[in-house]
Amino acid sequence: MPLDRDGPGALSRNERLILSLIRKRGPMPRAALVQLMDLSAQSITNLTRKLMQAGYLDAGAVVRGKVGQPSTPLALAPDGALFLGLKIGRRLAELALVDFAGRVRMHRQEVHSHPRPDRVMAFARQGLETMLATLSPAERARITGLGIAAPYRLWDWGHEMSDWLDLDLRHELARGLPFPVFLDNDGTTACGAELIFGRNDLPRDFIHIYIAHFAGGGIVLDGALRHGPTRNAGALGSMPIPSVGPGGGQLLDQASVSALEARIGRSLPPDDSGWDVPPAVEADWADQAGRALAFAAMSAVALVDLPLVVIDGAVPPATRARLAQAMRGALQAMPAAGIDRPQVIEGTLGRSARILGAAGLPLSHFFQPDGALD
């Protein structure tokens with residue numbers, strides 16, 4: 001939820017929908033928007049003209065040589081709005097400035113043994129100060145908010161994390177900032193990033209599982225990301241599962257990078273280039289994780305009737321593919337009388353999902369059709 005501050009002028013749902021369609025499908029002419037939105041050509045012209053005047057859309061070069069009148073594709077204006085994102089992870093804190101087209105303009109990161117509140121706050125404040133100082137006044141005026149992606153209940157990770165129990169991170173970081181601050185669960189933001197920036201053609205109902213140091217997730221129903229009364233819906237990492245090998249009784253104990261690190265006896269770096277897991281060890285871990293993930297997926301399907309599972313994570317693409325394949329095999333081996341086994345596909349954002357999801361919090365609030373409307 002955001003702190004109440006002034007943001008961009010309120011856009012209508014139709015204006016938000018135009019921006020969302022172009023964001024997901026790429027530049028398109030007004031005629032395509034007429035067909036997709038079932039509005040008159042005049043209405044689309046008026047709406048897009050307003051969005052162009054506000055600086056959110058750019059007109060591309062006229063396309064000629066096809067049947068009918070020449071068309072002008074409309075694209076998102078990269079400088080239309082800017083968004084800040086802060087991601088807090090078990091081993092890595094990240095801060096990024098993302099533009100309206102979803103490109104990361106600036107990025108900073110800091111590796112830690114575990115996230116301490118004082119270190120995270122210092123990293124975030126220094127990074128924000130540096131980033132804002134490099135922007136022109138006009139660019140700073142285009143920043144619509146700071147989103148924070150952080151695991152909920154950080155103090156449950158161990159006694160060394162107890163300082164998080166009484167800290168209101170969102171309010172602390174908001175001090176002195178001229179734009180609103182948002183905070184959400186990091187697994188939820190990874191799912192939201194796939195919805196906003198991802199390249200998959202997704203159905204209206206699915207679950208998203210994100211494998212990082214621990215496992216997390218998000219749930220989408222009727223086309224909307226669901227949060228739950230405590231904004232912790234989709235906490236799949238905490239789901240109890242039967243024992244399918246060494247480890248505890250929750251999904252995060254088996255389908256997580258921390259479980260893989262326990263097998264190899266050392267920490268893995270937070271980048272793909274340093275991923276040097278012995279193939280046989282990774283294959284055995286992926287097989288066990290795939291069975292645990294299949295149990296979680298089938299439980300979700302039985303409860304909410306979901307046709308699709310999207311699996312992504314802070315792992316190399318080949319490792320993500322191995323997890324997805326192991327999960328598909330485990331699903332086929334599970335009893336499914338009375339329900340349909342879900343399809344499993346890979347996510348498209350990998351390690352960038354949570355930081356993009358953090359920046360996507362203010363974007364969603366002000367510009368997505370299901371965001372907050374004033």
**OP:** Tell me which residues come under 5 Å, amide H to amide H, from Ala215 once H is placed; ignore anything under 5 positions away on its chain.
**Re:** Leu252
Subject >> Interatomic Cα distance distribution for the range 133-255, bins of 10 angstrom, percent >> reply: 11, 33, 33, 19, 4, 1
Original post:
In percent, how large is the relative contact order of the range 91-195, given Cα pairs closer than 8 Å and 6 or more residues apart?
Top reply: 23
**OP:** Please give the helix 117-134 orientation as an angle from the longest Cα principal axis of the chain, in degrees from 0 to 90, rounded to the nearest 10.
**Re:** 30
Subject >> Where trypsin sites (Lys or Arg not before Pro) fall in DSSP loop in the range 257-292, at most 16 other Cβ within 10 Å >> reply: Arg266
**OP:** Using θ = phi - 60° and the Karplus relation 6.51 cos²θ - 1.76 cosθ + 1.60, list the HN-Hα couplings for the range 285-293 in order, rounded to whole Hz, with x at every Gly or Pro.
**Re:** 4, 4, 5, 5, 4, x, 5, 5, 5
**OP:** Please sort by residue number the trypsin sites (Lys or Arg not before Pro) in the range 169-232 whose DSSP state is loop and whose Cβ has at most 16 other Cβ atoms within 10 Å.
**Re:** Arg175, Arg199, Arg204, Arg231
Original post:
Tell me, how many Å apart are the Cα centres for the range 155-212 and for the range 327-374?
Top reply: 14
Original post:
Which whole-Hz couplings ³J(HN,Hα) result when phi for each residue of the range 98-105 is put into the Karplus expression 6.51 cos²θ - 1.76 cosθ + 1.60, θ = phi - 60°, listed in order with x for Gly and Pro?
Top reply: 10, 8, 5, 8, x, 8, 7, 8
Subject >> Amide H contacts under 5 Å for Gly347, placed H, 5+ residues apart >> reply: Ile311, Asp312
Subject >> Karplus-derived HN-Hα couplings along the range 274-279 (A = 6.51, B = -1.76, C = 1.60, θ = phi - 60°), whole Hz, x at Gly and Pro >> reply: x, 6, 10, 7, x, x
Original post:
In deg cm²/dmol and to the nearest 500, what is the mean residue ellipticity at 222 nm of the chain if only DSSP H runs of at least 4 residues count, each as -39500 (n - 2.57), divided by the residue total?
Top reply: -12000 deg cm²/dmol
**OP:** Take the eigenvalues of the Cα gyration tensor for the range 169-240, scale each by 5, and report the square roots as semi-axes in whole Å, largest first.
**Re:** 24, 16, 12
**OP:** Report the label-to-label distance for Lys24 and Gln332 in nanometres (one decimal), using points 7 Å from each Cα along the Cα→Cβ vector.
**Re:** 3.1
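Taken together, the values in this text are just the output of simple stated rules run on the coordinates, not laboratory data. On a predicted model such as this, the values are computed, not experimentally measured, just so you know. In this analysis, Cβ positions are derived from the backbone assuming ideal geometry, glycine residues included, and neighbour counts consider all displayed protein chains.
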